[in-house]
Amino acid sequence: MEKCITIEEIQSSWSEIITDVKETNDLTELFTVAWLRPLTPCLLDGETLVVETLNDATKGYIGKRFKAKLETSVKNIVGINVNIVFCTMEEAN
């Protein structure tokens, strides 16, 4: 049985999750700052984690290249399985 985690717990671990993605995928700091650090987890509904991106371009690129990697890092750091869904700032508001 998976433990019960809140969105606040994911948000407080988000920096560590991003660092895990950076280190396990040998990403540069510049890439991480430009593409991954702006991502914001904003809602956890069951196993669905909604992550806000800056725009559609970021949403598409990160969704294709890093969705599974972010999900793995959430599992490694927080201890739960999630299905990440990306949305833009406009979609979130």
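Only one of the numbered conditions (1) without any contact (Cβ under 8 Å) to a residue 40 or more places away in the chain; (2) part of a helix (DSSP H, G or I); (3) open to solvent by 80 Å² or more (accessible area, probe 1.4 Å) is violated by GLU16, and that is (1). Candidates VAL33, VAL51, VAL74: the one that is within 12 Å of the chain's Cα centre (by Cα) and free of Cβ contacts under 8 Å to residues at least 60 places away in the same chain is VAL51. Is it fair to say GLU9 is touching a residue at least 60 places away in the same chain (Cβ under 8 Å) and among the acidic types (Asp, Glu)? Yes; evaluated as a whole, the condition is true for this residue. The condition of being in a helix (DSSP H, G or I) and within 20 Å of GLU16 (Cβ to Cβ) holds for LEU30.
With respect to ILE84, determine if the residue is in a helix (DSSP H, G or I) and buried (at least 18 other Cβ atoms within 10 Å of the Cβ). No, not satisfied.
The values are calculated or read from the model by the stated rules, or taken from the named source; none is laboratory data. Computed from a predicted structure; not experimentally measured. Note that we place each Cβ from the backbone using ideal geometry, even for glycine, and neighbour counts take in every protein chain shown. For accessibility, only protein heavy atoms count, side chains too; no ligands or nucleic acids. Shrake-Rupley method; radii C 1.70, N 1.55, O 1.52, S 1.80 Å.
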